[in-house]
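Report on the structure given below.
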Amino acid sequence: MATHATRKKRVAHGDTSERDPSVVPESSKTALREAMRLEKVPTTQFQDLLWIMAQESSGKVDARNSHSTARGLFQLLRNNYELNPNGADSFGNDLEECQGGIRYIRQRYHSAAKARKFWQRHHWY
């Protein structure tokens, strides 16, 4: 997990490496599938959501960024914690972290594919 500024530095120095989604644990993949069902997200968006999760947290539940307020599987910033079903209390619950990430992506990008394309251009989303 890198902050926006750190990612910009890496990209400026030619490091545009991406994490393979295979790093995401099965439990986080299962939670993502269930969150997609609950949030009524088409299954066609699974690979893009999984890819974003891999970049942001490697699928580690309640992942924390020591340089910002970013937390969770999709690295929501504090001002977006409310997108989780139980706000900040959702951290540590893989299903609720996935729901918050899906809600953020839907709100900001309208689809996982658009969020992924943005991430690939900017190395943050």
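The values are calculated or read from the model by the stated rules, or taken from the named source; none is laboratory data. Not measured: the values here are computed from a predicted model. Neighbour counts run over all protein chains shown; Cβ positions are idealised from the backbone, glycine included. For the accessible areas, the whole protein counts, side chains as well, though only heavy atoms, and no ligand, DNA or RNA atoms are used. Shrake-Rupley method; radii C 1.70, N 1.55, O 1.52, S 1.80 Å.
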* **Residue-normalised accessible area of segment 53-110, given per residue in Å² at a 1.4 Å probe** => 45
* With runs of 4+ DSSP H residues as the only contributors, calculate the mean residue ellipticity of the chain at 222 nm using -39,500 (n - 2.57) per run, divided by the residue total and rounded to the nearest 500. => -15000 deg cm²/dmol
* Accessible-area composition of the chain, carbon plus sulfur, in percent [1.4 Å probe] -> 49
* To do: Write down the Kirkwood hydrodynamic radius of the chain, to one decimal in angstroms, obtained as one divided by the mean of 1/r over all alpha carbon pairs.
  => 14.2
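Please state the relative contact order of the chain as a whole percent: Cα pairs under 8 Å, 6+ residues apart?
Relative contact order for the chain comes out at 27 percent.
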* To do: Could you work out how far apart the two model spin labels at ARG64 and GLU26 are, taking each label as a point 7 Å from the Cα in the direction of the beta carbon, and quote it in nm?
  => 3.0
* Asked: Using 1/(1 + (r/R0)^6) with R0 = 22 angstrom and r between the beta carbons of GLU18 and PHE46, what's the FRET efficiency to the nearest 0.05?
  -> 0.80
* Structure fact -> Probe 1.4 Å, all chains present, heavy atoms only: ASP20 accessible area in Å², nearest 10, is 90
